[in-house]
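Participant: A single structure is presented below for examination.
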Amino acid sequence: MLTADYAHAVAYLNRHRFPAYVSFREHDSARGLGGGSDAIPRRIVRTSDGAVVTFRNNGAERDDSSDSDGNNPFRRNWLFRPACYVPLAEVPWRWNGIATTRFTLRETCTAGDGTVAIRHLYADPQTLEPIAADGAIGLNDAAHMTVAFEVRYETVDGYVVPSAVHVHAVGHGWLFWARERADVTYSNYRFYDDAATVRRQASQPASP
């Protein structure tokens, strides 16, 4: 059942299950050597290819990002690519005080410097809907840094979507010690079946 359960869990994250467009708000913050905070206006993403889009006055669609926006959680090569992992184990686990099923994963795609490696996927023990995933970002030995991260998910209108990414970097160099944290949150999700619905609803105020 291990392989079947993992396939069931990650199927919730397949963007081809989503309507044609999804929009959301993004808020970025960082603490440490370079602190700051930034709220990103509402993004509209075409789920077929993960590109951020806008619409001209005549209704024509314009591709603004060509799938290159690093914080866009629907782009093709975002943090967690389920096809690049196989499950090694499945056990009951308490995550943040919540009863979950934890999958331990092994990466099968080519790894290297700067590569994200998911270690665990946490899912609802009844439905197997993803709740969170954690892992690390690989750096070369000379970097003297360790970078851990966590992705959190929530269910909105029946779709499992990323709600937050937390990254924690710790390391040292000549005469310094660094501890930095970066957080990205995603909120106010909306889903659209066609471009006309996007143009009609995207101008409406977002819920708080």
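Participant: Could you go through region 20-28 in sequence order and give the Karplus-derived ³J(HN,Hα) for each residue, using 6.51 cos²θ - 1.76 cosθ + 1.60 with θ = phi - 60°, rounded to whole Hz, and x for Gly and Pro?
Facilitator: 4, 9, 9, 10, 6, 10, 10, 10, 10
Participant: Also, I was wondering about something else. Please give the peptides 2-10, 22-30 ranked by average Cβ packing (other Cβ atoms within 10 Å per residue), highest first, as a rough proxy for protection.
Facilitator: On the way: 2-10: 15.8, 22-30: 17.7.
Taking the mean over residues of other Cβ atoms within 10 Å, the ranking is 22-30, 2-10.
Participant: By count of other Cβ within 10 Å, fewest leading, how are Cys84, Cys109 ordered?
Facilitator: Values: Cys84 18, Cys109 11.
Exposure proxy ranking, most exposed first: Cys109, Cys84.
Participant: Test of understanding: ordering Trp95, Trp78 by Cβ neighbours within 10 Å, fewest first, what list do you get?
Facilitator: Trp95, Trp78
Participant: Still on this structure: Just to confirm a number: summing +1 for Lys and Arg and -1 for Asp and Glu over residues other than Tyr85 whose beta-carbon lies under 9 angstrom from that of Tyr85, what do you get?
Facilitator: In short, +1.
All of the numbers you see were taken from the coordinates with simple rules; none came from a lab. Here the structure is a predicted model, which is why all the values come from computation and not from measurement. In this analysis, Cβ positions are derived from the backbone assuming ideal geometry, glycine residues included, and neighbour counts consider all displayed protein chains.
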